[in-house]
Amino acid sequence: MVAGMVKLGLRGERQAALSGAGRRLVPASQEEAQGAEVDGAAEAAPSFAGFARWRAQADASDYLHYFTCRRWALMAPVLLVGAVLMSILSGTIPGALSALCMGLGAALCLPASIHARLERRVVHDGWRRYPLMVIAIFLPMALFGFGAARWTNLHPELGWSITVNVFVIVVLMATALLANRLTSIIGATIGLWGGASLDEASLASFTLLAIGGIIGLLMAVRQAANAASQSLQNAEREREQRRAEQLLHEYEQTGQGWFWETDRQGRITYVTKSIAALLGGSPSDIEGKPFTGMFLLEAGGHEGERTLVFHLNTRSSFQDLGVRAATGEKDERWWSISGRPVLDQFNNFMGFRGSGTDLTEKRRSQAHVTQLARFDSLTKLANRFQMSEWLEKILTSPRIETRACAVFLLDLDRFKQVNDTMGHPAGDALLKQVAERLSGTVGDRGRVGRLGGDEFQVILHGAQNREGLAHLARRIIENLSQPYTIDEARVTIGASVGIALCPDDGMTADALIRNADLALYAAKGGGRGRHHFYDEDLHSDAKERQQLEQDLRDAIANGALELHYQPQVRTTSEKITGFEALLRWNHPVHGYISPAKFVPVAEETGLVAQIGEWALRTACADLAKWPEEVRVAVNVSPLQFANPALPAIVTSAIAAAGVTPGRLELEITESVFLGDDKTTETMFSALKNLGVRLALDDFGTGYSSLGYLKKAPFDKIKIDQSFVRGATIQGSRNGAIISSIVNLAEALGMETTAEGVETLDELDLVRMLGCSHVQGYIYERPLNAQGVLGKLAEGLIAAAKGPRSARPARQTMLRKVVLEHGTHSYEGTVRNISQRGAMIEGLWNVPVGTTFGVHLSEGYVVMATSRWCKEDRMGLEFAQPLDLDGNGAVLFAPVRTRRETPDVPPLRRTA
């Protein structure tokens, strides 16, 4: 092990102090080369403070650690020259012993390089180097001093005056050659004078020599302490410098940052190599170019770019300025740079020096955060925050006339069913398509945003015409209601729109949004697929709905809901085969509330699943009290059908009631087939394996194709009452539709039930068309559980009771009309009206058969005949049925006929 090699950071401050000012820190990669210079065997220091390894190597001229040096060989000619000077000045020749001692002393100085290598092979602070110092330095000087003193004493001509001067010259030369090795210098001096004292061997000489030696030793110890302190400082300073250089090097290499420097003219004098490569060259290519050329500085550009030029011109410090790099890359690259001016000792400006970091990813992250904060991540539309911000900006405009706007709130109809049946990924795909259609429909007229879930918002700036808004709302509803293709499945949904205007419906954002929301609920309450403008009456409706929801929750908790049962009768035998369970709610204040009013509330609030399970268990419990051949039919909502636990719930209800599964019939609507995926098929299979019957409810009013009938294991198809109603009216196509459904069911081996049969004519028709079962008021209104037991106690045969035919639906109103009879005119009031007749009040004792011309509106006269009269009221029958609008209401204006086209053959393209 080479003497003087230490392990930095492991031997503590003492060893660091002993490293000496002349030691060098060498990278570990250079160990072998450096070790060769010191006879190999170099030991690398372990890592210091986690950074790159450095090895400590002592130099051959280190006076603190090494007593000898190779230059000590020059002492041999110095001693010989001293002897020659003594001989010349005294004119004498030394004796044999004197010449031998002096020559031997000079000869011992010659192998100085050997002594130096030997010393480096022992520990530099060990005791073995002291004998080596005695042999290499002390002994040659002692021999020379002894020989010179003996020569002087034997030849008085020489005299001590000459000898002392030669000794002084020899000591000075030894001091110069030993290069501040104080211990070696003291040893050489004591050796020279000690050898001279041996010749006289006087007590005084030895005493003085001992005193001088002690003084020299003390000085050597003090000098060694000072040198150790200085060595510690130098070693620490060099270590920190090397560590800083390594840190900066690693900082550049890892790409976390880079450094730059300019001269006073703003030309680059240094730039990190990686940055030079991004700029399309090497550091030497970049050096000498303007510093501002590294960036894209445009007039009126980014704030950081303008600030950089200002700081460079004013020679002031700057920090974290964002600038765009002139790298020529396709994607933008941004840097954050900091710098400070560099001044010399006379405060003269020398240039700038600074650092930089890459801002590109940070800016991308910020842009992404901004995108998330202001845009919907799924549809890329503006989100609730941005839409609110834009609406607030419009409403706070300085000019009142620029505050006018319209707000549309949209809610997708039946979207939840898509989510429940097809899964959330399909729902997300559907929302994306809805966003595209909505944006395309609105176009440049306004801004479109998604508020969350299936809610969207449209803001139209500027004064708006209500007719134009209604037309846009209808277009939106029409476009969004067109079929979608999701995962190769055909899906159809709808949309409802609520509209509020500023300033008519509010002057603040909160008021407009609240009122548009109320209008949206009114549109959904009117049957969905509609638009509705806000009016003041909606506030009371919203309050009523909120109260209804709370009352419904209380009814569920208190068991206030009821099940009523309507019989299903076989048409051929008029025998009751089963009952359909119908939900009823007897409100403590309002009495019985229509299911059409509270069931939608239950669906929107998520209560329908809880109600459905209760209905299923209650129906099975009541079924257990009926005859074995009687079944019960229970409606299953799409939310219940989408619940994987439904088969377990059905099994539990059947087991608890102790009934056979075949007596339970589950009625399922077509909406469950919106997804038509494997989950739907799996649910059908699980239910069918339980042994329960399955019925397709409201057939023909759903939103899917007939393809599901090939797979779904239905036992029965229920024909919706909308097809039965009006089927007996001349010219109605409903009979043909019923006949087609019956034929389809028979071909598939299914039964059919006609719902809503209320007249004998309708009963005769559906029986003639082949329906296997009938359900409606013609046989019985819904009965409570006790009523069903009483009915069954009378027997299973049902008797049809009801009117022969149904009277057309009538509209109640108070409308003034003019009636003409001959040359006389009379004023009357329409109390109710239908497509075929009306009841008019105001004419007394009108004979039956009197003909009138009724002026329903300006320019619109219909002929009518009185059929009955009681006091001031009479019933009129119109000669021709009146036209109806899309909602089934009577039109009080003639329908415009299409313009007749001339009998001209069509134009044809010829080749």
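Scoring 149-161, 565-577 by mean Cβ neighbours within 10 Å over their residues and listing the highest first yields 565-577, 149-161. By the Stokes-Einstein formula, at 1.002 mPa s and 20 °C, the stretch 690-778 with its Kirkwood radius over alpha-carbon pairs has D equal to 162 µm²/s. Here is the tail figure for the stretch 70-201: Cα pairs spaced more than 27 Å apart come to 17 percent of all pairs. This model, with +1 at the C-beta of Lys and Arg and -1 at the C-beta of Asp and Glu, gives the stretch 255-365 a dipole about its Cα centre of some 100 debye.
For the stretch 381-394, putting each phi into the Karplus relation 6.51 cos²θ - 1.76 cosθ + 1.60 with θ = phi - 60° gives couplings of 7, 4, 8, 4, 4, 5, 5, 5, 5, 5, 5, 5, 5, 5 Hz, in residue order, rounded to whole numbers and with x for Gly and Pro.
Mind jotting down the distance between the C-alpha centroids of the stretch 320-385 and the stretch 640-687, whole Å? Centre-to-centre distance over Cα atoms comes out at 60 Å. Karplus-derived 3J(HN,Hα) values for the stretch 441-456, using 6.51 cos²θ - 1.76 cosθ + 1.60 with θ = phi - 60°, are 6, 6, x, 8, 6, x, 10, 10, x, 10, 8, x, x, 10, 9, 10 Hz; glycine and proline are entered as x. Checking [x] 1.24; [y] 1.39; [z] 1.11 against Rg/Rh (Cα atoms, Kirkwood Rh) calculated from these atoms, the matching label is [y]. Fully extending the segment from LEU110 to VAL164 would add 17.0 nm, taking 0.36 nm per residue of separation and subtracting the current Cα-Cα distance.
Helices in the chain, meaning DSSP H runs of at least 4 residues, each add -39500 (n - 2.57). Divided by all residues, the mean residue ellipticity at 222 nm is -13500 deg cm²/dmol. Rounded, prolate or oblate for the stretch 811-878? Axes are the square roots of the Cα gyration tensor eigenvalues, ordered a ≥ b ≥ c, and the cut-off for rounded is a/c under 1.5. Rounded is the answer for the stretch 811-878, as its axis ratio a/c remains below 1.5. Which of rounded, prolate, oblate describes the stretch 548-794, given a ≥ b ≥ c as roots of the alpha-carbon gyration tensor eigenvalues and a/c under 1.5 marking rounded, otherwise prolate only if a/b is larger than b/c? It is rounded, given that a/c, with a ≥ b ≥ c, falls under 1.5.
Judged by the mean number of other Cβ atoms found within 10 Å, the most tightly packed of the peptides 322-334, 622-634 leads the ranking 622-634, 322-334.
I'd like the orientation of helix 159-178 relative to the chain: the angle between its Cα long axis and the longest Cα principal axis, in ° from 0 to 90, rounded to 10. Result, in degrees: 20.
Think of the chain as a dipole: +1 on every Lys or Arg Cβ, -1 on every Asp or Glu Cβ, centred on the Cα centre; then among ILE493, ILE190, LEU876, ILE190 lies furthest on the positive end. In the stretch 422-465, inverting the average of 1/r over every pair of distinct C-alpha atoms gives 11.6 Å as the Kirkwood radius. Taking the centroid of alpha carbons for each part, the stretch 448-476 and the stretch 604-621 are 37 Å apart.
Which one of TRP72, GLN433, GLY700 is farthest out on the positive end of the charge dipole of the chain, using unit charges on Cβ (Lys, Arg +1; Asp, Glu -1) and the Cα centre as origin? Working it through, the farthest residue towards the positive pole turns out to be TRP72.
Would you please classify the overall shape of the stretch 729-788 from the alpha carbon gyration tensor, given that a ≥ b ≥ c denote the square roots of the eigenvalues, rounded means a/c under 1.5, and beyond that prolate means a/b larger than b/c while oblate covers the rest? The shape class here is oblate.
Could I get the Rg over Rh figure for the stretch 568-616? Both from C-alpha atoms, Rh via Kirkwood, rounded to two places. Taking Rg over the Kirkwood Rh, I get 1.14. Over the stretch 525-675, the fraction of Cα-Cα pairs per 5 Å bin, rounded to whole percents and listed from the shortest bin up, is 2, 8, 16, 18, 17, 15, 12, 6, 3, 2, 1, 0. Could you give the distance between the Cα centres of the stretch 244-266 and the stretch 808-877, to the whole Å? Using only Cα atoms, the two centres lie 100 Å from each other.
In the stretch 143-199 the Cα-Cα distances spread across 5 Å bins starting at 0 as 4, 22, 27, 22, 13, 7, 3, 1 percent of all pairs.
One equal scatterer on each Cα of the stretch 311-386, no solvent, Debye formula: the resulting log10 I(q)/I(0) at q = 0.19, 0.20, 0.23, 0.25 Å⁻¹ is -0.87, -0.90, -1.00, -1.06. Helix 466-480 and the longest principal axis of the Cα set of the chain meet at an angle near 80°.
Sequence-ordered 3J(HN,Hα) estimates for the stretch 717-734 from the Karplus curve with 6.51, -1.76 and 1.60 and θ = phi - 60° stand at 10, 9, 7, 5, 5, 5, 7, 6, 5, x, 5, 8, 6, 4, x, 6, 8, 4 Hz, glycine and proline given as x.
With a Cα-only, solvent-free Debye model of the stretch 255-365, what are the log10 I(q)/I(0) values at q = 0.22 Å⁻¹? The calculated log intensity ratios at q = 0.22 Å⁻¹ are -1.32.
Each Lys and Arg Cβ is given +1 and each Asp and Glu Cβ -1; about its Cα centre, the stretch 548-794 then shows a dipole of about 380 debye. Working ranking of peptides 86-94, 237-245 by packing, defined as the average number of other Cβ atoms within 10 Å per residue, highest first, is 86-94, 237-245.
Its Cα centre serving as origin, the stretch 811-878 has a Cβ charge dipole (Lys and Arg +1, Asp and Glu -1) of approximately 220 debye. When its C-alpha radius of gyration is set against 2.2 N^0.38 Å (N residues), the stretch 381-535 gives a value of 1.03.
A short reminder: the numbers here are calculations on the coordinates, not readings from a lab. Everything numeric here is computed off the predicted structure, so don't read it as measured data. Don't worry about glycine lacking a Cβ; one is built from the backbone with ideal geometry, like all the others, and counts go over all protein chains shown.
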